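Enquirer: My questions will all concern the structure given below.
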């Protein structure tokens, strides 16, 4: 297999990750306004709800905006956006673990965070390789 073939395959995988980790946060963020996938305010732990100066629904809409922005960053600047999505997913997972609820979702978010981390690293490697070729 030639270097160009490997590079092309890696670029394809990076592009798949970019689209996935760009569109999924946008879709999840937009759903915070419609609650079609689930009723998102249920994921706010009772302890956190008592600390919030606003309703859980309003809080989740703010979360939705953050997720939409993170997804857009992955699509436009994956080198930065993927790190943000990875960190965001880990924060969500930690929040769920600390609340002792939705542990299945916490595990999935950790796995998704690892995928976003791989995307960030892969993007960095590709950018370094492109810089070397120029």
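Enquirer: Between 62, 77, which is under 18 Å from residue 34 (Cα atoms), at pLDDT 95 or above and more than 13 Å from the chain's Cα centre (by Cα)? Break it down stepwise before answering.
Expert: Values: 77 fails: under 18 Å from residue 34 (Cα atoms).
Criteria check complete, one pass: 62.
Enquirer: Hey, another quick one. Taking the condition of being assigned to a helix (DSSP H, G or I) and surrounded by fewer than 15 Cβ atoms within 10 Å (Cβ to Cβ), how many residues in segment 70-86 meet it?
Expert: As a first pass, look at segment 70-86 and keep what is assigned to a helix (DSSP H, G or I): 70-76, 78-86.
Next, only the ones that are surrounded by fewer than 15 Cβ atoms within 10 Å (Cβ to Cβ) stay: 76, 80.
Counting residues in segment 70-86 that are assigned to a helix (DSSP H, G or I) and surrounded by fewer than 15 Cβ atoms within 10 Å (Cβ to Cβ) gives 2.
Enquirer: Within segment 116-127, does at least one residue satisfy the condition of being in a helix (DSSP H, G or I), crowded, with 19+ Cβ neighbours inside 10 Å, within 10 Å of the chain's Cα centre (by Cα) and in contact (Cβ under 8 Å) with a residue 60 or more places away in the chain?
Expert: Yes, the conditions are met somewhere in segment 116-127.
Enquirer: Looking at 9, 14, which is the one that is out of contact with any strand residue (DSSP E or B) (no Cβ under 8 Å at 6 or more places or on another chain), closer than 21 Å to residue 124 by Cβ and free of Cβ contacts under 8 Å to residues at least 60 places away in the same chain? Can you show your working first?
Expert: Values: 14 fails: free of Cβ contacts under 8 Å to residues at least 60 places away in the same chain.
Residue meeting the stated conditions: 9.
Enquirer: For segment 6-37, what are the residues that are part of a loop (DSSP other than H, G, I, E, B) and on the phi < 0 side of the Ramachandran plot?
Expert: 32, 33, 34, 36, 37
Enquirer: Give the residues of segment 40-53 that are loosely packed, with under 11 Cβ neighbours inside 10 Å and not in a helix (DSSP H, G or I), sorted by residue number.
Expert: 53
Enquirer: A follow-up question, please. Examine segment 99-112 for a residue that is under 16 Å from residue 18 (Cβ atoms), modelled with pLDDT of 95 or more and not in a loop (DSSP other than H, G, I, E, B), and state whether such a residue exists. Spell out how you get there, then give the answer.
Expert: Just the residues of segment 99-112 that are under 16 Å from residue 18 (Cβ atoms), to begin with: 112.
Okay, now just the ones that are also modelled with pLDDT of 95 or more, so 112.
Cutting the leftovers down to not in a loop (DSSP other than H, G, I, E, B) gives us 112.
Yes, segment 99-112 contains at least one residue that is under 16 Å from residue 18 (Cβ atoms), modelled with pLDDT of 95 or more and not in a loop (DSSP other than H, G, I, E, B).
Enquirer: Turning to a different aspect of this structure: Restricting the first residue to segment 50-63 and requiring it to be closer than 17 Å to residue 28 by Cβ, which pairs with a second residue that is in a loop (DSSP other than H, G, I, E, B) meet a Cβ separation below 7 Å and a spacing of at least six or different chains?
Expert: Every condition considered, the pairs that remain are 56/44; 59/44; 59/52; 60/32; 60/44; 61/32; 61/33; 63/32.
The values are calculated or read from the model by the stated rules, or taken from the named source; none is laboratory data. Every value quoted in this text rests on a predicted model; they were computed, and no experiment measured them. No Cβ is skipped: glycine too gets one built from the backbone with ideal geometry, and neighbour counts run over all protein chains shown.
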